[in-house]
Amino acid sequence: MRLLTNVNIDFLGKRKLAAYLSLTLIAVGLLSLIIRGGPKLGIDFTGGTLAQLQFETPLETGQVRQLLLEGGFDRPIIQRFGADNEVLVRLAAGDVGEDFRERLQTALAGLTFEVRRLESVGPKIGGELRGKALQAILFALLGILIYISLRFDRYYAVGAVVALAHDVLITLGVFSLLDLEIDLAIVAAFLTIVGYSLNDTIVVFDRIRENVKLHRKDDFFFTVNRSVNQTLSRTIITSLTTLMVVLMLYLMGGEVIKYFAFALIVGVLVGTYSSIYVASPLMAMLEVRAQARSSA
Amino acid sequence: MLPLPSLRLAIIGLVFTWVIYAILPTLQYRALSEEDKDARRTAGSLEALEHRIISLGLDLQGGIHLVLEVDIPSLVRTLAKNKDALFDDVLNQTAAEALDSDSDFFTIFSARAEENSLRLIRHFSEFGSRTPDIIAALRLEADDAVDRALEIIRNRVDQFGVSEPTIQKAGGKRIIVELAGVQDPAQARSLIQNTALLEFNILQDLGVGRDVMLKIDEALRAAGSPPEQPAADDTETPADTLEDALAAILGGGGDAPAAVGGLAISQEVLGERPFTGYIFNVGNDFVVASRHRHAVDALLERPESKVAVPTDGVFMWSNRSEVLPATGVDDEFYTLYYLNREPSLTGGVITEAKANIGSLGSNAANQPVVNLSMNSEGERTWARVTGANVGRRVAIVLDKRVHMAPEIRGKIPGGQTEISGMKDMDEAKLIAIVLRAGSLPAPVDIIEERAVGPSLGQDSISSGFRAALYGGLLVIAFMIFYYKGSGLVATLALTFNILVVLAALASLRATLTLPGIAGLILTVGMAVDANVLIFERIREELDKGKSIRAAIDSGYARATVTIIDANVTTILAALVLFQFGTGPIKGFAVTLFWGILASMFTAIFMTRTIFMVRTRNPKVKTLSI
């Protein structure tokens, strides 16, 4: 069976339209980030306590909130979590290493529940984890930049890294728009997106490099477009299979992993788009401009 | 005609064998019921199995992850003399500033002290006269406090009975503790945060201990055979072992037990001596093989045994197991001590303990020793105790574990005690840490806690595996639908890929976490990519009119370059994740890393071999792709 045979879509011809689309998406995301005052960070980065409680019977989050307030907890955030008898309780920093469990038991006395998960992160550690996560992303980008510069040339590297930044920014924007929290697992998802998107971009770049050698006389934009078309069925099939598994993870992997999977879904979609419409056109433009300059 | 790819098949066969060898223990272990596990634990064969299985992360089996930090400001406050308002003020300022700064506490403290013209010498005169000296000494005190806390926690976690706990020092003043499968976090916390209990107990004479053990034997025999007999490991029993073992058990003096010979303990011996059958006599000590410690513990817990032990005595284990060359067996042993139940002295009286090299002319010249000082109350008691027990041994007991049992050579009047007999300087340092642990409690705060209940862990496993299964099936269905026969080949490679990752996890003693499962799932998606690249390339080559074999050859050749370029970048991302990641994220990075490496083998090498075999016959004219 074949999905696409001898396609010849003028991807590069649409590069201006694509650029507007990308810029709009990024702008909307950034705007949302600015309005909300930066990404919404989870307790991994801010410090605080998160408890996942499973009650014996379904109940209203309002009831839990009321009981916790009466129990002396400061501004608890209660959120339904998966099944209708499970809630997430979030509290600001300050309760680490205290008798948190006992206070919880006292406040919710009368209700039968199990503490399924409890995470407490001190404020100092939160700051450190934040620094480390940023460091990790920067190091990953740097390593990738060096590798591509060595294997291809610097315009390819610039194209790939811009596409990466594009993917991460858009995913970050989507998280901000949907008011989802960034925790350590999401940072891991971002780095995976980086790896995935790059994987996709490099397959196209590889074909461009090969075609440039084969057809030296052809117009560079034409060669790039041909390469994108030649690798198109592979790009689509791989994105499809990856989406299949990540979607399964999202639907069936359980609440804990849900947002991690969601980040990957957004990342795979945006990554596939960016390797076609961002990385290759940008690289082609930079190459052609450089060639024009050197021949002038 | 292509040469038969026998070398390739041999390599695949080799990897396949390794995969089975690595994964089998895990399957075996998962099949065991709780009772089976208990039986094996008593028999001492569980540990060996546990050592070869894929261990599950805290998020999958439940457990607790703690990050502890020694409270340096409190420590400094405790150490300081003549505290006044200015001192408190500077210390509080420093503590607040250190909380949201990357600088080290003492650097800030030194700077703030100078700014506020706080004269450190007034408060820390015994640490030196110049500020840099005082700061350096305080730093050493802080390091020492962390070491002591680490040793105390190690000691206690061991008693908690957690298999393979992680206890490690991180970033100077922090300690990370991971206890998998612990159900009660409150208990774990109190265990870790309690002040250490250091005691000195006099060892009872060897003969007395031996008599008590024989009484236990008698009591157990009278009560019928113990419920859990170890499965006799008769396979490794040399013929002469029984006699050797019998000779060694409770054998004459210290010179007899040259060779305990094999560690096989047969049912016969245990029928005769249900308790002492486990116990060997090496030098002046009773020892038990590590794998039989649980069995001995279980026997000691039985009511009949408890009656047989006199009220003034108690059995205690050494804090760690060691290989004893005298036994002639390459096995780890714990020492079982029989002590006075009442400690003769407790650790609060100790004011100083330092590891040194023994002075010239003394008994321990050039040997590592530990020098001990006590307060006046301790001096008096110590003089009395040592005077009354010359020639006997005194056990250094921290939290009910014996760290050392040196002999008392004579009455020690001034409290100044020298302990010798340590193997090396490291051991001497450790003993000094243990001795200091009982005094001056350095407060340890829990600054991060992550606890997962066992039921959530179970849910995570089942949902994770279900997601993996359905995701995998979907991909497989798609591949076979799209690439027909070749899709089947890719499926085979994919399945094998997952097995290789699991085998790698088991062999490397890595931990499978929930994000690890996610990594595995992602690997499935991405591993297909290599085959998609190859198959698409082969199709292109076939379209150009190449023969099947030529198309396969050039398809693989061209796609491999791309695959390597593409995978290197993902591996880079995985390595970075591994480097900065903690716990679960590390787990994700590990599976991603191995998944990609394995996919290079399965998706390129293995599938190609299959194609080679399939197209060996030159008559094959079509390729199902």
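The values are calculated or read from the model by the stated rules, or taken from the named source; none is laboratory data. Just so we're clear, the structure is a prediction, and the values are computed from it rather than from any experiment. Counting neighbours? That spans all protein chains shown, and the Cβs are built from the backbone with ideal geometry, glycine included.
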What number of residues within region B:9-31 are loosely packed, with under 14 Cβ neighbours inside 10 Å and among the hydrophobic types (A, V, I, L, M, F, W, C)? 5
Residue ID - farthest from residue B:81 (Cα to Cα), chosen from residues in region B:115-146 that are touching a residue at least 12 places away in the same chain (Cβ under 8 Å) and not in a helix (DSSP H, G or I): B:116
Residues satisfying the stated conditions in region B:314-342, i.e. buried (at least 19 other Cβ atoms within 10 Å of the Cβ) and within 18 Å of the chain's Cα centre (by Cα): B:318, B:319, B:333, B:334
Cβ-Cβ under 7 Å pairs, at least 6 apart or on other chains, region B:520-531 side closer than 13 Å to residue B:601 by Cα and at the interface with chain A (Cβ under 7 Å from one of its Cβ atoms), far side assigned to a helix (DSSP H, G or I) and of a type outside the set (Ser, Thr, Tyr): B:528/B:475; B:528/B:479; B:528/B:490; B:528/B:494
Right, residue A:115: closer than 19 Å to residue B:65 by Cα, of a type in the set (Val, Ile, Thr), in contact with a Phe, Trp or Tyr (Cβ under 9 Å, 6 or more places away or on another chain) and within 10 Å of chain B (Cβ to nearest Cβ) or not? no
What single numbered condition from (1) within 14 Å of chain A (Cβ to nearest Cβ); (2) touching a Ser or Thr at 6+ places or on another chain (Cβ under 8 Å); (3) more than 24 Å from residue B:435 (Cα to Cα) fails to hold for residue B:73? (3)
First in region B:543-568 and more than 10 Å from chain A (Cβ to nearest Cβ), second anywhere and outside any helix (DSSP H, G or I), Cβ under 6 Å, 6 or more apart: B:548/B:615; B:548/B:623; B:549/B:615
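Okay, residues lined up against (1) over 30 Å from residue A:166 (Cβ atoms); (2) away from chain B (no Cβ under 12 Å); (3) without any contact (Cβ under 8 Å) to a residue 12 or more places away in the chain:
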{"residue": "A:28", "(1), (2), (3)": "no, yes, no"}
{"residue": "A:34", "(1), (2), (3)": "no, yes, yes"}
{"residue": "A:90", "(1), (2), (3)": "yes, yes, no"}
{"residue": "A:105", "(1), (2), (3)": "yes, no, yes"}
{"residue": "A:121", "(1), (2), (3)": "yes, no, no"}
{"residue": "A:125", "(1), (2), (3)": "yes, no, no"}
Any idea which of (1) under 30 Å from residue B:169 (Cβ atoms); (2) surrounded by 19 or more Cβ atoms within 10 Å (Cβ to Cβ) is the one residue B:88 doesn't satisfy? (2)
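Residues of region A:162-193 being within 14 Å of chain B (Cβ to nearest Cβ) and among the β-branched types (Val, Ile, Thr), which ones?
Of the residues in region A:162-193, the ones within 14 Å of chain B (Cβ to nearest Cβ) are A:163-164, A:167-168, A:182-193.
Within region A:162-193, A:168, A:182, A:186, A:187, A:192, A:193 qualify.
For (1) touching a Lys or Arg at 6+ places or on another chain (Cβ under 9 Å); (2) more than 17 Å from residue A:175 (Cα to Cα); (3) within 14 Å of chain B (Cβ to nearest Cβ), each residue gets a yes or a no:
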residue: A:12; (1), (2), (3): no, yes, no
residue: A:25; (1), (2), (3): no, no, no
residue: A:50; (1), (2), (3): yes, yes, yes
residue: A:63; (1), (2), (3): no, yes, no
residue: A:71; (1), (2), (3): yes, yes, no
Residues of region B:513-539 satisfying the condition of being at pLDDT below 90 and small (Gly, Ala, Ser): B:516, B:518, B:519, B:525, B:527
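Could you go through region A:41-58 and let me know if any residue there is over 23 Å from residue A:223 (Cα atoms), surrounded by fewer than 12 Cβ atoms within 10 Å (Cβ to Cβ) and within 22 Å of the chain's Cα centre (by Cα).
Step one: filter region A:41-58 for residues over 23 Å from residue A:223 (Cα atoms), giving A:41-58.
Narrowing the set further to residues that are surrounded by fewer than 12 Cβ atoms within 10 Å (Cβ to Cβ) leaves A:56-58.
Narrowing further to those that are within 22 Å of the chain's Cα centre (by Cα): none.
No - not one qualifying residue is present in region A:41-58.
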Is it true that residue A:196 is more than 8 Å from every other protein chain (Cβ to nearest Cβ) and hydroxyl-bearing (Ser, Thr, Tyr)? no
For region B:431-482, which residues satisfy the criterion of being surrounded by fewer than 23 Cβ atoms within 10 Å (Cβ to Cβ), facing chain A (nearest Cβ under 9 Å) and of a type in the set (S, T, N, Q)? B:455, B:462, B:463
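From A:140, A:133, A:165, A:160, grab the single residue that is buried (at least 23 other Cβ atoms within 10 Å of the Cβ), modelled with pLDDT of 85 or more and within 21 Å of the chain's Cα centre (by Cα). Before the answer, list the steps.
Values: A:140 fails: modelled with pLDDT of 85 or more; A:133 fails: modelled with pLDDT of 85 or more; A:165 fails: buried (at least 23 other Cβ atoms within 10 Å of the Cβ).
Within the list A:140, A:133, A:165, A:160, the selection yields A:160.
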Scan region B:343-365 for residues that are surrounded by 15 or more Cβ atoms within 10 Å (Cβ to Cβ) and aliphatic (A, V, I, L, M) and jot them down. B:345, B:349, B:350, B:353, B:355, B:364
Determine, yes or no, whether residue B:400 is farther than 26 Å from residue B:141 by Cβ and touching a residue at least 12 places away in the same chain (Cβ under 8 Å). yes
Residue that is farthest from the other protein chains (Cβ to nearest Cβ) [pool: residues in region B:42-52 that are over 14 Å from the mean Cα position of the chain (by Cα) and of a type outside the set (Gly, Ala, Ser)]: B:42
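Looking for something more than 30 Å from residue A:237 (Cα to Cα), part of a helix (DSSP H, G or I) and in contact with a Gly (Cβ under 7 Å, 6 or more places away or on another chain) - is there at least one such residue anywhere in region A:57-74?
Our first condition is that a residue be more than 30 Å from residue A:237 (Cα to Cα); within region A:57-74, this holds for A:57-74.
Restricting the remaining residues to those that are part of a helix (DSSP H, G or I) gives A:61-70.
If we keep only those that are in contact with a Gly (Cβ under 7 Å, 6 or more places away or on another chain) too, we end up with none.
No, because not a single residue in region A:57-74 is more than 30 Å from residue A:237 (Cα to Cα), part of a helix (DSSP H, G or I) and in contact with a Gly (Cβ under 7 Å, 6 or more places away or on another chain).
Within region B:34-50, is even one residue closer than 30 Å to residue A:126 by Cβ and without any contact (Cβ under 8 Å) to a residue 24 or more places away in the chain?
From region B:34-50, those closer than 30 Å to residue A:126 by Cβ are none; that's our starting set.
Looking for residues that are closer than 30 Å to residue A:126 by Cβ and without any contact (Cβ under 8 Å) to a residue 24 or more places away in the chain, one finds none in region B:34-50, hence no.
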Looking only at region B:369-404, count how many residues are hydrophobic (A, V, I, L, M, F, W, C) and under 12 Å from residue B:337 (Cβ atoms). 6
